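Worksheet for the structure shown next.
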Amino acid sequence: MSELHRNKPEFRNINAFVDLPTYRLPPAGWVSILHRVSGAFMFLLLPFIIWLFDTSVSSEISFLKFKSAFVAGLWIFPGFLIQLITLGLIWAFLHHLIAGIRHLYMDATHSVTKEFGRSSAIFVLTLSIGLTVILGAKLFGLY
């Protein structure tokens, strides 16, 4: 057996509680995982998204009902929770869109270098969080 193989660590049984907390995921890994999470989040809340769209465009009365859901609440949910869920949907949409464009760009141009993956992942995270903060400020009435 060569010297290289003797010094190389061998992982046969990985303990999720011991090994995974010490593992540092690169930014591209975070973007990839969050892309899947945001897609699942939007899929699971699709009935809420359809209700938001339907009540916002049906009539003036339904639009007032739509606006009051963010203040007075909806069913058993307080208005603040509706705003937080909507803010989560805003983030999910923005992140999924920007990360999807990143993936399409990387596929089309074959830009799969480690440095480009890192820099584009940081750009995706920064842009999606920054736009979410701006739109969240509008949602919560800060401007």
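Since every read-out is calculated from the coordinates, none of them should be taken as a lab result. Only a predicted model underlies this, so the values are computations on that prediction, with no experimental measurement involved. With ideal geometry, Cβ positions are generated from the backbone for all residues, glycine too; neighbour counts draw on all protein chains shown.
Per-structure values
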item: Cα point-scatterer Debye curve for the stretch 26-139, base-10 log of I(q)/I(0) at q = 0.21, 0.23 Å⁻¹; result: -1.10, -1.24
item: Sites Trp30 and Leu142, calculated FRET efficiency, Cβ-Cβ separation with R0 35 Å, nearest 0.05; result: 0.80
item: Hz values of 3J(HN,Hα) by residue in the stretch 54-63 - Karplus curve (6.51, -1.76, 1.60), Gly and Pro given as x; result: 4, 6, 7, 10, 5, 7, 5, 5, 5, 5
item: Cα-based Rg and Dmax for the stretch 87-143, where Dmax is the largest Cα-Cα distance (Å); result: 13.4, 43
item: Amide proton proximity set for Gly73, modelled H, under 5 Å, gap of 5+; result: Gly79
item: Theoretical ellipticity at 222 nm over the chain - DSSP helices of four or more residues, -39500 (n - 2.57) apiece, nearest 500; result: -24500 deg cm²/dmol
item: Phe80/Val112 FRET efficiency (R0 35 Å; Cβ-Cβ; nearest 0.05); result: 0.25
item: Span from the the stretch 115-143 Cα centroid across to the the stretch 76-102 one, whole angstrom; result: 12
